[in-house]
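Colleague: What follows is a structure written as structure tokens; I'll ask about it next.
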Amino acid sequence: MAVDIPPILAGLLAKLPSGSGRYVRGDQGSVSLSLVLVTVAVVLATSSLVKFVRGLKAVNYMPGLRTPFSPFSLPGVLSPTAWWNPGLSFLWNGRKHHSLYKRFNSETFSVTPWIAGAPLIVTSNLDVLRQIAFGSHRTDFAKPEEMSQALLFWGQNLVAADGDTWRTHRRVVGPAFNTKLYEDVWVKTAEIYAQMVEEEGWASKDTIDVPVVQKLTFQFALLVISRCGFGLSFSWFEPPAAENGGMTVQQALRIITDRNTALVFLPKWVRKLPFKYLGEIEAAVDTMMTFMKEQIARRRDSVKSNDAASDAFTLMIKANEAEGNKYALDDSELIGNVFILLFAGHETTAHTLAASLAFLACNPDIQQEILDHILQVVGWDRAPAFEDYASLDKVLAVFLETLRMFPSGYLMFRQATKDTTIKLPRPVGEEGVDTIPVPKGTTMVVDVVGLEYNPRYYDEPETFKPSRWYGASKEGDNFTAFSVGPRECVGRRFATSEAVCFLTLLIRDYKLEPLLQKGETVGQWKERVLDATLFITLGVKDTPIRLVRREKGRA
Ligand code: HEM
């Protein structure tokens with residue numbers, strides 16, 4: 001069988017040694033399929049070899065994985081996980097006994113793909129995180145541009161920005177994250193909890209089976225960020241449609257959060273194709289854009305008249321007005337930042353709340369200890385107050401320990417902005433550091449799972465031990481799953497205020513138990529649930545739990 005090929009390629013092929021001469025008919029611009037395949041294979045093999053050799057140089061020949069695809073490239077994510085393809089979950093799978101790192105006798109190793117994706121240096125070491133994560137104004141590393149692009153859909157923002165742009169955004173977004181906001185988060189969390197209990201119809205039930213607790217925690221976190229981030233009060237169950245029959249803001253926001261990956265990664269023209277799924281995304285984007293523009297104008301007025309609310313959006317506008325013209329953000333940047341709070345804060349918190357409930361359900365002794373602590377601090381009768389936050393350190397400890405074991409923000413990427421070096425501490429037990437050259441453009445990956453399971457920092461890292469964080473409510477720097485330094489999570493206290501309030505209320509009202517399948521043991525339930533599901537963020541698998549109402553006065 002012969003195929004037609006462009007004459008220029010046919011000419012080149014004709015010059016190649018042709019063996020028996022049976023395969024090439026360069027004069028007619030047509031060659032046999034097998035020769036084309038061989039040629040393509042040779043070209044691919046050569047380019048793979050060149051890519052591989054360049055990759056090895058980029059990672060300074062550091063020991064590591066040599067794979068066809070980067071685990072973070074599209075082919076790497078889409079191909080089945082196998083000995084030849086580590087897949088997206090390779091860092092998770094290698095966490096036990098730090099086995100992935102033990103293979104290379106280091107807390108840092110390389111990944112050098114020979115077909116698709118960039119060469120990477122992967123680290124689970126805190127000192128390396130400190131050397132690279134602080135942003136390009138402090139280090140020779142910045143967020144990779146292609147990653148930031150995906151975050152720019154709504155406008156430039158704090159997460160995507162780097163260098164001086166990042167500093168300008170932090171000046172406006174940073175002040176919004178203050179005690180006033182955290183108090184608002186606490187109060188609204190308690191209100192939404194009451195709304196959930198009522199609208200789910202729990203008030204009249206002694207036992208409630210929740211087949212997938214993530215359905216509750218995702219809805220909960222969305223409502224909290226909508227209220228405290230955007231100042232929008234939504235009902236627990238979505239109303240069917242707007243009065244004019246159009247899409248409600250609540251629907252629009254839900255569609256945008258549920259379909260965020262499609263929204264961010266699909267090219268604009270694909271969203272215009274005549275499919276309902278895509279059409280709803282377009283309508284949701286239009287609804288939200290119109291709404292946000294109106295809201296900015298309204299909030300500017302309320303800030304001027306000193307009649308301002310305490311949601312993050314309003315606080316940002318307040319800080320922005322105070323900046324004057326020189327450093328102020330424009331409307332698209334303000335919108336970019338409000339949306340980034342939604343995406344950075346919703347899924348991460350929802351996953352960690354679900355995982356906290358899973359751990360509590362299968363650790364009754366720890367749950368009892370936390371209940372005793374809640375009763376000691378708050379008692380049975382009064383509502384927990386924002387002022388209790390610091391005293392409820394054992395509740396916070398559950399959330400932090402859960403986040404350590406299932407770090408929802410499980411990857412951080414940085415890229416060298418120039419030829420530079422990093423200092424790698426030698427393995428535990430060996431003195432000193434090694435200095436490694438890192439050429440410009442090399443991508444560094446902070447493996448947060450590896451960091452949180454690194455025996456250098458934690459004893460028994462695979463054991464759920466909230467007690468390691470008791471007394472941590474003073475927000476010490478030794479907790480690393482929110483990152484560290486100037487670029488650590490700005491929403492950390494937002495997330496912990498929400499979590500401590502929610503968990504305090506729920507644990508005081510209900511005993512949490514694993515909801516078992518017929519014949520299933522608690523051990524099997526743990527195997528099924530306490531494993532990672534991951535894509536953009538990381539969480540536990542679908543978690544079925546049973547809530548048993550506590551008898552007030554009897555711990
Ligand atoms: C359990 C919940 C959360 C986790 C685990 C988490 C984790 C992280 C991590 C690891 C980073 C650093 C990313 C990097 O440098 O590449 C980060 C940054 C950030 N987070 Fe969170 N986050 C959480 C909740 C929130 C919430 C609730 C908000 C907002 C309401 C938020 C907003 C942000 C923003 C804006 C940044 C960028 C900060 C900067 O670069 O200056 N996060 N988060």
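Colleague: Looking at Ala118, Ala161, Ala133, can you tell me which residue is more than 28 Å from Phe399 (Cα to Cα), of a type in the set (Gly, Ala, Ser) and within 12 Å of the ligand (Cβ to nearest atom)? So that I can check it myself, show each step before the final result.
Modeller: Numbers: Ala118 fails: within 12 Å of the ligand (Cβ to nearest atom); Ala133 fails: more than 28 Å from Phe399 (Cα to Cα).
Testing whether each residue is more than 28 Å from Phe399 (Cα to Cα), of a type in the set (Gly, Ala, Ser) and within 12 Å of the ligand (Cβ to nearest atom) leaves just Ala161.
Colleague: Let me ask you something else. Filter the stretch 423-437 for residues that are surrounded by 12 or more Cβ atoms within 10 Å (Cβ to Cβ) and not in a strand (DSSP E or B) and give the result.
Modeller: Arg426, Pro427
Colleague: Enumerate the pairs (first residue in the stretch 485-509 and free of Cβ contacts under 8 Å to residues at least 60 places away in the same chain and in a helix (DSSP H, G or I); second residue anywhere and of a type outside the set (Val, Ile, Thr) and within 12 Å of the ligand (Cβ to nearest atom)) with beta-carbon separation below 7 Å, excluding pairs fewer than 6 apart on the same chain, so at least 6 apart or on different chains.
Modeller: Arg492/Phe482
Colleague: Within the stretch 465-484, identify whether any single residue is modelled with pLDDT of 95 or more, surrounded by 21 or more Cβ atoms within 10 Å (Cβ to Cβ) and more than 15 Å from the ligand (Cβ to nearest atom), and answer yes or no.
Modeller: yes
Colleague: Exactly one of these conditions fails for Leu342: (1) in a strand (DSSP E or B); (2) within 16 Å of the ligand (Cβ to nearest atom). Give me its number.
Modeller: Among (1) in a strand (DSSP E or B); (2) within 16 Å of the ligand (Cβ to nearest atom), Leu342 violates only (1).
Colleague: Filter the stretch 515-544 down to the residues that are under 26 Å from the mean Cα position of the chain (by Cα) and either under 24 Å from Leu375 (Cβ atoms) or in a loop (DSSP other than H, G, I, E, B) (or both) and list them by number. Break it down stepwise before answering.
Modeller: Taking the stretch 515-544 and keeping what is under 26 Å from the mean Cα position of the chain (by Cα), we get 525-544.
Result: Leu530, Asp531, Phe535, Ile536, Thr537, Lys541, Asp542, Thr543, Pro544.
Colleague: Another question about this same structure. Have a look at Phe291, Phe237 and point out the one that is in a helix (DSSP H, G or I) and either under 29 Å from Arg492 (Cβ atoms) or out of contact with any Ser or Thr (no Cβ under 9 Å at 6 or more places or on another chain) (or both).
Modeller: Details: Phe237 fails: in a helix (DSSP H, G or I).
On inspection, the qualifying residue turns out to be Phe291.
Colleague: Let me ask another. Which residues, counting only those in the stretch 85-110, are in contact with a helix residue (DSSP H, G or I) (Cβ under 9 Å, 6 or more places away or on another chain) and either under 20 Å from Thr435 (Cα atoms) or free of Cβ contacts under 8 Å to residues at least 40 places away in the same chain (or both)? I'd like the intermediate steps shown before the answer.
Modeller: Of the residues in the stretch 85-110, the ones in contact with a helix residue (DSSP H, G or I) (Cβ under 9 Å, 6 or more places away or on another chain) are 85-88, 90-95, 98-101, 107-110.
Within the stretch 85-110, Asn85, Pro86, Gly87, Phe90, Asn93, Ser99, Tyr101, Glu107, Thr108, Phe109, Ser110 meet the criteria.
The values are calculated or read from the model by the stated rules, or taken from the named source; none is laboratory data. This is a predicted model, so every value here is computed, not measured. Methodologically, a virtual Cβ is constructed for each residue, glycine included, from the backbone with ideal geometry; neighbour enumeration extends over all protein chains shown.
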